[in-house]
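Read-outs: derived from the displayed coordinates by stated rules, not from any lab. Since this is a predicted model, take the numbers as computed values, not measurements.
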Amino acid sequence: MPACSACDDLFQKRWGRLRGYCRSLLTIKSDDEAAAQDSCLEYNGQCGMGTLPPGHPPRWLFGIARFVCLARNRQVTRRGEQHLIHDEEARSETEFVLVDLDAEAMLQAVMSAVDQRALLVLMRIRGEGLRPKDLTGELGVVNDHVQRLFRGALKSVIQALQTAGWNREHIVEFLNRFWLLDEWEWRVLWRAFGEQHMSHEDIAASLSLPAKEVAAAHESGLNKLRSVAY
């Protein structure tokens, strides 16, 4: 998808700073250019889907970049290198502020407002890295329908959080952390905060997991959403 003129102008003006910001977050510093390019592609994609706030805000671009970098770092973590780097100077230059979030309230707002099937599609594509066509067989629908579910879910999440009173900064940060949930944390929180409102015991039975593991996944998932210091 070609970049619109407003996106292209933003990328050109912020390219150096965006690469520096990515470098400050990445475990593997040499990935900074690739991460910045991925961030621009995602920003442009959201522009095309109509999910960007008006005015093409630079903060949204840097919020996406943070998600991209943390996702890359998570891949490194899986190979045994467990450390994330946060450069305070780079963050202040981008005017991107990290905040603690009311995870339970934000989850409740999202889960109560967004169609559960669409939310599952959103999480599996953005959180697990699947492509829409990977879900066609599982859902029994065509690729275009999966893409519509994805776009609708992303818009609904943003609108639900805006309606509940959270500002743009908090919404960007929530989404950045939301994608970092692992599969079991997502499954547990979905059952705990979604339409089912299941207890730990019921979740354990539905997932065939020990109650201890359910409680641990519930707490670790909320901690990831609450604060950057997990």
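A few remarks follow.
- Given in Å, the Rg to one decimal and the Dmax to the nearest whole number for the Cα atoms of the range 103-226 are 14.3, 40.
- Bridgeable lysines around Lys29 (alpha carbons under 25 Å apart, same-chain partners fewer than 8 residues away excluded): Lys13, Lys224.
- Segment Glu213-Thr163, extension gain: residue separation times 0.36 nm, minus the distance between their alpha carbons: 14.6 nm
- Integer Hz, Karplus 6.51/-1.76/1.60 couplings in order for the range 7-19, x for Gly and Pro: 5, 4, 4, 4, 4, 5, 5, 9, 4, x, 5, 5, 4
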